[in-house]
Amino acid sequence: MAEEKGVVNENLEAVLSIELADGVSIDCVLDTGFNGNLILPKNFVQAHSQAIPISVQVKLAEGKIAEVGMTTIEIKWLGSEFPVNILVSETDESLIGTELLIGSVLEIDYKNLTVKITK
């Protein structure tokens, strides 16, 4: 059974590492209110992706429309390696969205401060 493990941090956020195909990892907060794949910081994307982001419009949680960069990046996740569309953040924000959870089970243990996703 494929699994990803993480921790609950001091802000009570579920945090997991996303590993890129080239072996580089980045810690991301799991955001069940975000229905995409990933949001990664612009500086990280520029350093680890050769694809040039295109500009897309997205609807934010508060209902506003914003224009952001989007590109594709290859990740290793739940025992597979595949490309995913990511949104590019102008901040240091790194988020995992619910699209990466499809077909899996998410367990967040606030007693032991652990996170586990299995497929």
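The values are calculated or read from the model by the stated rules, or taken from the named source; none is laboratory data. Model, not experiment: these values are computed from the prediction. When we count neighbours, we look across all protein chains shown, and the Cβ atoms used for this are built from the backbone with ideal geometry, even at glycine.
Whether any residue in region 67-82 is surrounded by 10 or more Cβ atoms within 10 Å (Cβ to Cβ) and more than 19 Å from Ala21 (Cα to Cα) is what I want to check. Yes, because at least one residue in region 67-82 is surrounded by 10 or more Cβ atoms within 10 Å (Cβ to Cβ) and more than 19 Å from Ala21 (Cα to Cα). Checking each residue in region 1-46 for being small (Gly, Ala, Ser), outside any strand (DSSP E or B) and within 19 Å of Thr98 (Cβ to Cβ) picks out Ala2, Gly33, Gly36.
Name the one entry in Leu106, Leu16 that is buried (at least 17 other Cβ atoms within 10 Å of the Cβ), modelled with pLDDT of 95 or more and not acidic (Asp, Glu).
Leu16
Among the residues of region 47-70, not a single one is part of a strand (DSSP E or B), closer than 19 Å to Thr98 by Cα and in contact (Cβ under 8 Å) with a residue 40 or more places away in the chain. Filtering region 83-118 to residues that are touching a Gly at 6+ places or on another chain (Cβ under 7 Å), among the β-branched types (Val, Ile, Thr) and under 13 Å from Met70 (Cβ atoms) leaves only Val88.
Within region 90-119, residues that are closer than 30 Å to Ser55 by Cβ and touching a residue at least 40 places away in the same chain (Cβ under 8 Å) have Cβ atoms under 6 Å from residues that are in a loop (DSSP other than H, G, I, E, B) and of a type in the set (Ser, Thr, Tyr) in these pairs: Thr98/Thr32, counting only partners at least 6 apart in sequence or on another chain. Restricting region 1-45 to residues that are polar (S, T, N, Q) and touching a strand residue (DSSP E or B) at 6+ places or on another chain (Cβ under 9 Å) leaves a set whose member that is nearest to Leu87 (Cα to Cα) is Asn37.
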